[in-house]
Amino acid sequence: MAAVLRPVTIENPADMRSWSRAARSSGRSIALVATMGALHDGHLALIEHARSRADAVVVSIFVNPLQFGENHDFTNYPRPIDTDLAACERAEVAAVYAPTAAAMYPRGFETRVVPGRLASTMEGHSRPGHFEGVTTVVTKLLAAVGPDLAVFGEKDYQQLAIIRRMVSDLDLGVDIVAAPTVREPDGLALSSRNQRLTPAQRRAAVCIPRSIAEAREVAARPDATLDAILARVRHVIDDEPQASLDYVSVFDAGTLEAIDDLDDPMRVAGRCRIAIAARVGDVRLIDNADLYDR
């Protein structure tokens, strides 16, 4: 059995660009999986997807302060770097790009990448400035890594749509690849924030995927209305004492605009989605799914 090579760890943009140039000059294609660390099976699924599409996978690990609106959330975000590096080694990652905050945002840094209307709804409305932090850091990661493609999960569906638009609008020449949401056996979408849930909160958090499942059941009825779908989500979340709803939205998968009426053309799998954000204790979780079966 061939030995698994330890991935090289890179801490600044210049060294990352140098590594990528060398990899590309040897004929290897590069895929990026951008993370904030605390790697779980969802991240590993993204890495595996990336490995199927490129010769070398680069995983970035950087807890980006620009996308956090609440200081305690940034402070409490898990950072198990040694565990993450071991996971990357087992996943046969070629390189880990783990820049410091000083390397990413040195003294005098002032340029931001401002997203358009796709960032005005859902997470953008609830977390002002969040997507500006996301688009800024992703642009910097793409510039440093120079990948042929980058893989992002559908769990952060709005983020995926915004990054695709940004890459297209700015002619960045990177293929943005979507990977399906990975879930626990009880349906909860995998997230690094799940680690912050107490055992009781973890049990309560299943109300989030359950609310989406029940909304899909309502949507499948011939007489379904938008009000009935949204009411079912609110009922499921309100019925869980430890959970509180931030928002629920039924939206067009392409434009991200909220849908006001379920007319027949919208009853198409892949075009109409539902998204939810809720807090369980002080941990904010998000989820989304196609409203209709594919």
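Structural descriptor for segment 192-290: relative contact order 29 percent, calculated from alpha carbon pairs under 8 angstrom and at least 6 residues apart. All C-alpha pair distances within segment 126-260, sorted into 10 Å bins from zero, spread as 10, 32, 34, 20, 5, 0 percent across the bins.
Coupling constants for segment 57-65 follow from the phi torsions by the Karplus curve (6.51 cos²θ - 1.76 cosθ + 1.60, θ = phi - 60°), and in residue order they are 10, 10, 9, 8, 10, 7, 7, 7, x Hz; glycine and proline get x.
Please tell me the relative contact order of the chain in percent, rounded to the nearest whole number, where contacts are Cα pairs under 8 Å and at least six residues apart. All intermediate terms of the calculation are to be shown ahead of the outcome.
Working: 505 pairs, mean separation 49.8, N = 294.
Computed value for the chain: 17 percent relative contact order.
Against the main long axis of the alpha-carbon atoms of the chain, helix 41-51 sits at an angle near 50°.
Scanning residues 5 or more positions from Thr9 or on other chains, those with amide H under 5 Å from its amide H are Val96, with H placed 1.01 Å from N in the peptide plane.
To the nearest ten degrees, helix 130-145 and the longest principal axis of the Cα atoms of the chain are 30 degrees apart. A cut-off of 5 Å between modelled amide H atoms, ignoring neighbours fewer than 5 places along the same chain, links Ser60 with Val33, Ala34, Thr35, Tyr97. In terms of its Cα atoms, the chain spans 59, 48, 41 Å along the principal axes, sorted from long to short.
For Asp227 and Val268, FRET efficiency with R0 = 25 Å and r from the beta-carbon atoms, rounded to 0.05?
Values: r = 20 Å, r/R0 = 0.82.
Approximately 0.75, to the nearest 0.05.
Between helix 81-90 and the chain there is an angle of about 80 degrees, using the helix long axis and the longest principal axis of the Cα atoms.
Projecting the Cα atoms of Ser60, Pro128, Val138 onto the charge dipole of the chain, computed from C-beta unit charges around the Cα centre, puts Ser60 farthest toward the positive end.
As a rough guide to protection, the peptides 74-84, 6-16 ranked by mean Cβ packing within 10 Å, highest first, stand as 6-16, 74-84.
In debye, nearest 20: dipole of the chain around its Cα centre with unit charges on the Cβ of K, R (+) and D, E (-)?
Details: 33 positive and 40 negative charges, 170 e Å.
Using Cβ point charges on Lys, Arg, Asp and Glu, the chain gives about 820 debye.
Which percentage, to the nearest 5, of the DSSP beta bridges contained in the chain is antiparallel? Please report the intermediate quantities before stating the final value.
On the way: 19 of 39 bridges.
Roughly 50 percent of the DSSP beta bridges within the chain come out antiparallel.
To make sure I understand, if each residue's beta carbon is the centre and we count other beta carbons within 10 Å, what order do Thr198, Thr136 fall in, fewest to most? Walk me through the intermediate numbers first.
Working: Thr198 12, Thr136 22.
Result, fewest neighbours first: Thr198, Thr136.
Segment 10-36 and segment 261-294 have Cα centres lying 35 Å from one another.
FYI, it's all coordinate maths here, none of it is from the lab. Not measured: the values here are computed from a predicted model. When we count neighbours, we look across all protein chains shown, and the Cβ atoms used for this are built from the backbone with ideal geometry, even at glycine.
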